[in-house]
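Worksheet for the structure shown next.
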Amino acid sequence: ATLSPAAASAAVAGEREVETTVDVSLGRGPPTRVTRRRYTGAGDPSWNFARRDLTPAVFRDWPSDFPYTGADDFKRLDEAVDTEFYKLPKLVYHIDEGAVAALTHFYDESIPDGSDVLDICSSWVSHFPRDFPLRMRSIVGTGISDLELQCNDQLSGHAQADLNVAPRLPFPDRSFDVVTCCVSFDYLTRPLDVMREVRRVLRPGGSVLLSQSNRCFFTKAVGVWTRDMSDAAHLRVLGTYIHFAGGLSPPAATDISASGTGTNDPMYLVSAKRE
């Protein structure tokens, strides 16, 4: 059965930052203790988190065949092995606090309590509300850096996976109610294969939630992403992956950007459900 979203949580109100400590295994010797400050996603109380439906504007007139078949469509300026690029953990934020808060509020209102959640292309933060580990049945992460995943204190489990080498998610069919991916689908060189994997691991009625802002590691983003850096073009690319993966509902695009003094980065969602 499809779960219903919970009411907004107190976890997205109050302190804007917390300090957390995790023990990280480096493969030899005792664990290393890592302490970092993290955004809670509460944001400034004056910020507004209104949503704007962009679906009619960006998703229409789909081509009959998958359009990204050019020789350079999924090439990158930096074709070096991705595990080398991420060899040193990047314990930094790739979007600003306003965008983090917009995504945290969206997750809080949209992901039902008791869900099994998979965060793909994950890192040391997932931007879920701070009480999600208590509210969800499980939160599992996959990502290219095992060290970053160990630093993510919201995960109940994780599996290191380089989806550009092997675009397969290491989980059984129909394992999750929700699959999230935060500002990372632009780096995938076989995104249609990955989206089909997302469909495979979702339960019927489960949701895929792709969040996107306007930042990226430009040299690591694929050609279909970098040839047009407009937000609308990027949403269209994500929607195209969903449309041609099969077995997913028509994609929806939503502007969930925070507004108010101190906000800057936009935040968008492209979403669909497994049929």
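The values are calculated or read from the model by the stated rules, or taken from the named source; none is laboratory data. Predicted model only: the values in this text are computed from it and were never measured. Cβ sites come from the backbone with ideal geometry, for glycine too, and all protein chains shown count toward neighbours. Side chains are part of the model used for accessible areas, which takes the heavy atoms of the whole protein and leaves out ligands, DNA and RNA. Shrake-Rupley method; radii C 1.70, N 1.55, O 1.52, S 1.80 Å.
Would you please give the FRET efficiency between residue 134 and residue 193, computed as 1/(1 + (r/R0)^6) with r the Cβ-Cβ distance and R0 = 30 Å, to the nearest 0.05? FRET efficiency, residue 134 to residue 193: 0.30.
The simple Förster model, with R0 at 25 Å and r as the Cβ-Cβ distance, assigns residue 64 and residue 230 a FRET efficiency of 0.55. Model label sites at residue 214 and residue 83, defined 7 Å from Cα along the beta-carbon direction, differ in position by 3.7 nm.
Assign one of three labels to the chain, namely rounded, prolate or oblate, based on the Cα gyration tensor with a ≥ b ≥ c the square roots of its eigenvalues; rounded applies when a/c is under 1.5, prolate when it is not and a/b is larger than b/c, and oblate otherwise. Because its axes are fairly even, with a/c under 1.5, the chain counts as rounded.
Each stretch of four or more DSSP H residues adds -39500 (n - 2.57); spread over every residue of the chain, this sum gives -6000 deg cm²/dmol at 222 nm.
In this view, the solvent-accessible surface of residue 182, computed with a 1.4 Å probe and all protein chains in place, comes to about 20 Å².
Across segment 47-55, coupling constants 3J(HN,Hα) worked out from phi with the 6.51/-1.76/1.60 Karplus curve, θ = phi - 60°, read 6, 10, 10, 5, 10, 10, 6, 9, 3 Hz, and Gly and Pro carry x.
Per-residue SASA remark: residue 62, around 70 Å² accessible (1.4 Å probe; ligands, DNA and RNA not included). Approximating the spin labels as points 7 Å out from Cα along Cα→Cβ, the residue 57-to-residue 18 distance works out to 3.5 nm. Given axes a ≥ b ≥ c from the Cα gyration tensor, I'd like to know whether segment 160-235 is rounded (a/c under 1.5), prolate (a/b larger than b/c) or oblate. Verdict is prolate for segment 160-235. Rounded to whole numbers, the Karplus 3J(HN,Hα) couplings from phi for segment 41-46 are x, 5, x, 7, x, 7 Hz, using 6.51 cos²θ - 1.76 cosθ + 1.60 with θ = phi - 60°, and x at Gly and Pro.
Share of segment 51-146's accessible area from carbon and sulfur, percent, 1.4 Å? Can you show the working numbers first?
Values: 2380 of 4380 Å².
C and S atoms contribute 54 percent here.
Between residue 166 and residue 46, what FRET efficiency follows from the Cβ-Cβ distance if R0 is 30 Å, with the result rounded to 0.05? After rounding to 0.05, the efficiency reads 0.05. Within the full protein context, the accessible area of residue 273 is estimated at about 100 Å² for a probe radius of 1.4 Å.
Ranked from largest to smallest solvent-accessible area, with a 1.4 Å probe on the protein heavy atoms, 168, 200, 28 come out as 28, 168, 200.
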